[in-house]
Structures are given as C-alpha cells and as structure tokens.
Amino acid sequence: MKFLDIGEVAEKSGNKPSALRYYEEAGLISSVSRHGLRRQFAPEVLLQLKLIAMGKSAGFSLHEIAGMFGRNGMPDLPRATLHAKADEIDRQIRELTALRDTLRHVADCPAPSHMECPTFQRLVDAAGKRGERGGKAEKPAKNGIRPA
C-alpha cells in the first residue's frame with residue numbers, strides 16, 4: 001500500500017499541514033508511519049477528512065465528529081444524532097427564512113415610516129417573542145410573513 005505524506009494529504013484535501021497535525025492530536029485521524037520527520041497517512045485519510053469537513057459544516061464539534069469514527073478510523077455514524085442535527089438545521093432554515101423575508105419587507109415596505117406599517121409591527125413583535133423564548137421560532141406563515 002502506498003502511503004501519502006502530510007504534504008500530499010494537505011494538497012489533496014485542502015487542509016493545512018498544521019490542521020492535519022491538530023486533527024491527529026485530537027484523535028480524528030492518525031498517521032501510520034513517518035518518512036524522516038514527515039508523517040505518512042493511509043489513503044483512507046482523505047475520506048476521513050471529507051467527513052470531518054462535512055461534520056464541521058453541519059455544526060458538529062470536533063469532539064462530536066471524533067465520536068463518529070470507529071477504532072479503525074472508519075465512519076461509524078450515529079443515525080439518531082444525524083437526524084437530530086438535520087432537525088436542528090431545518091429549524092435554523094425556517095428562522096433564517098423568516099428573517100430574510102422580514103428584511104425584504106422592511107426594505108420594500110411602501111409605508112411612509114416603518115413604525116406606521118402593521119406588518120412591520122407584527123414582525124418586530126414576533127421577533128421579540130422568539131427572543132424571550134430563547135430563540136425558538138414559531139412556525140412562520142407562507143413566505144415567512146403574515147399579511148397586513
């Protein structure tokens with residue numbers, strides 16, 4: 001089996017060598033040997049790095065990601081945790097969609113002043129209530145805005 005040295009892994013994965021050393025120190029990946037001072041990795045490390053990047057994009061911590069690899073370094077993905085994260089992302093999408101729609105309404109509102117716009121008042125009220133509940137959004141109306 002041909003091993004990849006740290007420079008090759010960095011080039012192919014887009015990760016800096018310092019990030020690869022950090023991931024190894026954190027137990028996310030492991031080198032299999034050394035060639036001089038340069039770490040050598042099995043080719044499977046490239047898959048692991050893609051999964052780490054995907055996990056980071058989904059909002060998992062490095063500690064959580066480390067728990068998604070078995071002892072052999074291969075993925076051992078906890079389906080319930082992945083479902084919970086997908087549900088959390090769905091909630092964030094709803095909240096961000098409502099925020100986007102609010103910003104568009106405020107930018108395009110034909111009222112002489114935003115304080116005279118009943119839709120704006122309702123949106124500000126709803127945002128304040130979400131903040132009081134710790135950021136939990138209520139289900140937005142179609143397009144995130146209720147008619148005036």
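The values are calculated or read from the model by the stated rules, or taken from the named source; none is laboratory data. The structure presented is a predicted model; accordingly, all values stated were derived computationally and were not measured. Cβ: placed from backbone, ideal geometry, glycine included. Neighbour counts: every protein chain shown.
Contact map, the stretch 7-35: first residue free of Cβ contacts under 8 Å to residues at least 60 places away in the same chain, second residue of a type in the set (Phe, Trp, Tyr) and part of a strand (DSSP E or B), Cβ cut-off under 6 Å, separation 6 or more or different chains; pairs are 9/41; 31/41. Please go through the stretch 10-31 and pick out each residue that is in a loop (DSSP other than H, G, I, E, B) and at negative phi. If the condition is that a residue be in a loop (DSSP other than H, G, I, E, B) and at negative phi, then 15, 16, 26, 28, 29, 30, 31 are the ones that fit. Inspection of the stretch 34-46 finds no residue satisfying the criterion of being assigned to a helix (DSSP H, G or I), assigned by TED's automatic domain parsing to the domain that holds residue 10 and under 24 Å from residue 130 (Cα atoms). Sort out which residues of the stretch 12-22 are touching a helix residue (DSSP H, G or I) at 6+ places or on another chain (Cβ under 7 Å) and among the hydroxyl-bearing types (Ser, Thr, Tyr), and write them in order of number. Across the stretch 12-22, the qualifying residue is only 13. Residues in the stretch 36-45 that are crowded, with 16+ Cβ neighbours inside 10 Å and touching a residue at least 40 places away in the same chain (Cβ under 8 Å) were compared, and the one that is farthest from residue 85 (Cα to Cα) is 42.
Considering the stretch 10-28, and only residues there that are more than 20 Å from the chain's Cα centre (by Cα) and under 13 Å from residue 66 (Cβ atoms), the residue that is surrounded by the most Cβ atoms within 10 Å (Cβ to Cβ) turns out to be 24.
I'd like to check something: does the stretch 107-128 contain any residue that is in contact with a Pro (Cβ under 8 Å, 6 or more places away or on another chain), modelled with pLDDT of 85 or more and either of a type outside the set (Asp, Glu) or surrounded by 12 or more Cβ atoms within 10 Å (Cβ to Cβ) (or both)? No; the residues of the stretch 107-128 include none that is in contact with a Pro (Cβ under 8 Å, 6 or more places away or on another chain), modelled with pLDDT of 85 or more and either of a type outside the set (Asp, Glu) or surrounded by 12 or more Cβ atoms within 10 Å (Cβ to Cβ) (or both). Here is the figure for the stretch 48-74: residues that are among the hydrophobic types (A, V, I, L, M, F, W, C) and surrounded by fewer than 14 Cβ atoms within 10 Å (Cβ to Cβ) total 2.
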